[in-house]
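Bear in mind these aren't lab numbers, they're just calculated from the coordinates by the rules spelled out. Small disclaimer: the values here were computed from a predicted structure and weren't measured. When we count neighbours, we look across all protein chains shown, and the Cβ atoms used for this are built from the backbone with ideal geometry, even at glycine.
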Amino acid sequence: MESGLAAVVDKGFSQQLRKEVERLQIRDSARRLAPVSDSQIAIPLLNSGSLKCYKNGDFYNIEGIQFSLQTILLPMAKAASVHNPYRKLCDSMKDLMSRNNICWTSELAKDIPHRWEQHGDMILLPGGSFSRQEWQHVASVVYKKVCEVFGVKRLAKKSVISDDKYRSSQVTLLIGEDGWVKHVDNGIIYTYDVTQCMFSVGNITEKLRIASLDCTGETVVDMFAGIGYFTLPYLVHAHASKVYACEWNPHAVEALKRNLMLNKVDTRCEVLEGDNQVVCPKGVADRVNLGLIPSSESSWPAACSTLKSTGGILHIHGNVTDNNKQDSADGHMKLVENTECELDKQRRIEHESCHFSNCGFSSNVSDMHTLCFTPAEHVSDEQNIPDTVQPSALLDQFERGDFGLKLGMKVRHNLVWLKWAKNVCSQIEQILFQQQNKQWICTVLHVEHVKSYAPHINHLVVDLQCRPSRKS
Ligand SMILES: C[S@@+](CC[C@H](N)C(=O)[O-])C[C@H]1O[C@@H](n2cnc3c(N)ncnc32)[C@H](O)[C@@H]1O
């Protein structure tokens with residue numbers, strides 16, 4: 001048993017809350033979930049830092065699940081007690097400090113990371129690890145010890161991704177000659193220098209989605225190519241005939257060129273080094289990828305002018321903020337569906353992508369068509385709430401701002417997402433109209449949820465089909 005921080009929640013909500021704390025990356029996997037009474041379960045946590053914004057009086061509330069924080073004795077996970085590098089790291093650091101007559105404190109213990117990334121023979125530590133003054137006295141030995149514990153040759157440490165125009169990596173090499181690492185991801189080899197470029201692990205679902213497209217015969221322009229996160233899936237799996245890859249960070253360009261060679265697709269890709277607003281070719285693309293967050297808006301005109309005169313598809317990424325925290329906390333409306341079983345319902349509510357078509361809802365995904373809303377007991381104007389509401393009607397009400405109902409969080413999010421997609425769609429129509437002096441019809445084909453970026457901020461992608469209107 002080990003004492004530590006835990007979230008205590010009613011049994012019926014324990015699995016939902018476990019998923020939420022895993023999403024926030026604060027679940028302590030070294031200790032096991034355990035009942036604390038007949039009706040409550042404790043979920044072990046690493047820390048409570050990211051929970052601050054969910055605090056409501058003495059309790060916390062995530063997605064309508066109420067829980068408290070307590071310090072509790074919990075059993076160790078089996079794997080953790082047998083082979084746990086974190087424990088090994090703690091033990092070897094305690095030992096090292098005592099040999100150097102440095103007193104072991106809880107502050108020093110907090111400086112030891114619970115998570116890290118392994119890139120082949122390199123361990124990449126999170127920012128903030130080993131940052132206290134005491135470590136500096138024994139710095140070179142500490143870093144060697146860390147390598148020993150993990151059985152690697154190189155060690156590096158992160159801080160935040162820089163806000164500079166290159167979104168440079170902020171990684172310092174602590175032990176080793178260079179920062180080049182290799183990743184194999186969905187059959188694609190990526191190599192890059194961790195001290196110079198970033199690798200967005202969180203975008204894996206979007207990379208897989210791109211990989212599943214059939215782009216045979218298509219020309220694609222990747223406006224923010226980086227080291228080839230999307231350029232490579234377009235070439236290797238989606239079989240694009242040609243990709244123009246724009247990138248202005250010379251370190252990323254170097255990695256991109258290496259990656260094209262490594263994956264033997266360099267003959268189908270032209271790397272255009274520089275600002276995409278300058279280097280992007282005109283009138284060539286069937287498809288344009290705009291993979292920059294929080295927004296790629298400044299490059300939308302260049303993206304529009306790279307489309308073929310017959311039109312094409314834009315994949316526009318963006319961070320979308322849901323500001324209305326109050327509604328999400330009390331969630332007056334429950335989202336239910338008539339016919340589905342409990343498990344399907346759960347899956348559907350957790351299914352984080354939504355498909356919308358032509359700013360209405362697409363017929364190929366039944367999700368939103370079959371939704372109806374049931375008022376919870378405490379909604380006073382129950383009689384005014386229709387049994388079934390068409391999502392497009394919901395959006396109209398939502399846009400007029402006369403939405404008297406409070407919606408369940410996922411539904412409201414979907415409406416916020418759809419509103420964002422519609423907004424992007426009409427801005428792109430305007431840009432195309434201004435550039436070409438004729439009407440274009442843009443259609444929202446799909447809205448993809450890539451990841452939760454921060455509380456109330458979601459990274460989305462809208463797929464827009466853009467066609468010149470026959471009328472004008
Ligand atoms: C965040 S990375 C995106 C990588 C990839 N799309 C992803 O989501 O994982 C953005 C890349 O776009 C590049 N970039 C940003 N603005 C640019 C511009 N105007 N022209 C060319 N490259 C640009 C940055 O240097 C960086 O490598």
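In terms of overall dimensions, the C-alpha atoms belonging to region 2-80 reach 33, 27, 20 Å along their principal axes, ordered largest to smallest. The count of lysine pairs in region 1-148 whose Cα atoms are under 16 Å apart, excluding pairs fewer than 8 places apart on the same chain, comes to 8.
Full extension from ILE441 to ILE457: what is 0.36 nm times the residue separation minus their Cα-Cα distance, to one decimal in nm?
2.9 nm
Model label sites at SER131 and MET261, defined 7 Å from Cα along the beta-carbon direction, differ in position by 3.9 nm. Taking the Cα centroid of region 1-34 and of region 247-289, what is the distance between the two, rounded to the nearest whole Å? Here the two parts' Cα centres lie 44 Å apart. For LEU174, the amide hydrogen comes within under 5 Å of the amide hydrogens of LEU155, ALA156, LYS157, counting only partners 5 or more places away or on other chains and with H modelled in the peptide plane. Distance between the 7 Å Cα→Cβ label points at ALA109 and GLN170: 2.9 nm.
For GLN16 and THR191 in one chain, what is 0.36 nm times their gap in residues minus the Cα-Cα distance, to one decimal in nm?
On the way: separation 175, 0.36 × 175 = 63.00 nm, distance 3.68 nm.
Extra length from GLN16 to THR191 when fully extended: 59.3 nm.
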